[in-house]
Amino acid sequence: MKFIELFLIAVSLAMDAFAVSVGKGFTLKRVLPRHALSAGLWFGGFQALMPIIGFFLGSSFAHIVERIDHWIAFGLLALIGINMIRETLSGDDDKLDSDFGFRTMIVMAIATSIDALTVGVSMAFLRVDIWIAAAVIGVVTFALSAVGVSLGCKFGAKVGSRAGIVGGVVLICLGIKILIEHLGLI
């Protein structure tokens, strides 16, 4: 997997965390450095951890499904992307408040990183260096989450709703690209 593809996956995975960070920022009257740091560490940390867990789960059965791995990667990325778009369009976003405490942040960090767990499973089939992938995903999510809090405070929730759609479309397109490459159509 090329770095640009990994970077696009990282940005796509970070969209949920970015959207939540924008929402969190929207609830603040003033953004303090600790708000941006908290969002970045929670969301970036979980986004880095989950692909590693998924990778090792996927690696344990990768040899069994090597002939259909590209279909699995396509299916997982497409489902994640479709789900991101569906959730964004449905407006079922949880009401956010300005609490950055442990209980609030851990629940949101887990919820926004479930997709990264599934992507980690796909990466096991693609034989990606999971440590580099997890680092890129974590750093990108950290940065976008920290920025999201500030943007949310300044501009409101408008950016957050578009972020989920863009992330979903990018994941679907990457899944299609993987499928086309493995089928030899490119």
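Computed from the coordinates by the stated procedures, all read-outs in this text should not be read as laboratory data. All figures in this text were calculated on a predicted structure; none of them were measured in a lab. Methodologically, a virtual Cβ is constructed for each residue, glycine included, from the backbone with ideal geometry; neighbour enumeration extends over all protein chains shown.
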Practice item. Report, in degrees rounded to the nearest 10, the 0 to 90 angle that the Cα long axis of helix 69-90 makes with the longest principal axis of the chain. Key: 30
**Study point:** Local electrostatic count at E5 - Lys and Arg +1, Asp and Glu -1, tallied over other residues with Cβ under 14 Å
**Key:** +1
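Rounded to the nearest 0.05, what FRET efficiency do R30 and F102 give with R0 = 22 Å and r taken as the Cβ-Cβ distance? Could you check? Don't skip to the end; give the middle numbers.
On the way: r = 22 Å, r/R0 = 0.99.
The formula returns an efficiency of 0.50 here.
Any chance you could run the full-extension gain for F56 through C173? It's 0.36 nm times the residue separation minus the Cα-Cα distance, nm to one decimal. Please report the intermediate quantities before stating the final value.
Numbers: separation 117, 0.36 × 117 = 42.12 nm, distance 2.48 nm.
Length difference between fully extended and current span is 39.6 nm.
Note down the net charge around C153, summing +1 for each Lys or Arg and -1 for each Asp or Glu among other residues with Cβ under 11 Å from its Cβ. Walk me through the numbers before you get to the answer.
Values: positive: K24, K29, R30, K154; negative: none.
Every neighbour counted, the sum reads +4.
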**Study point:** Cα-based helix-to-principal-axis angle, 33-59 vs the chain, degrees rounded to 10
**Key:** 20
**Study point:** Among 124-134, 34-44, 75-85, the order from most to least packed when residues are scored by Cβ within 10 Å on average
**Key:** 34-44, 75-85, 124-134
Check your understanding: Once you put a point 7 Å from the Cα of K154 and another 7 Å from the Cα of F7, both along the Cβ direction, what distance in nm separates them?
Key -> 2.2
Exercise for review: Report the relative contact order of the chain, percent, no decimals, based on alpha-carbon pairs under 8 angstrom and at least 6 residues apart.
Suggested key: 52
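Across all directions of projection, what mean area in square nanometres is found for the Cα convex hull of the stretch 1-83? Write out the running numbers ahead of the final one.
On the way: hull surface 27.3 nm².
Reported value for the Cα convex hull: 6.8 nm².
Run lengths n ≥ 4 of DSSP H only: what is the helix-derived mean residue ellipticity at 222 nm for the chain, with -39500 (n - 2.57) per run over all residues, to the nearest 500?
On the way: 6 runs with 149 residues, N = 186.
Result for the chain, helices only: -28500 deg cm²/dmol.
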Check your understanding: Residues of the stretch 5-36 with amide nitrogen under 15 Å from the 7 Å Cα-to-Cβ point of V139?
Key -> 5-11
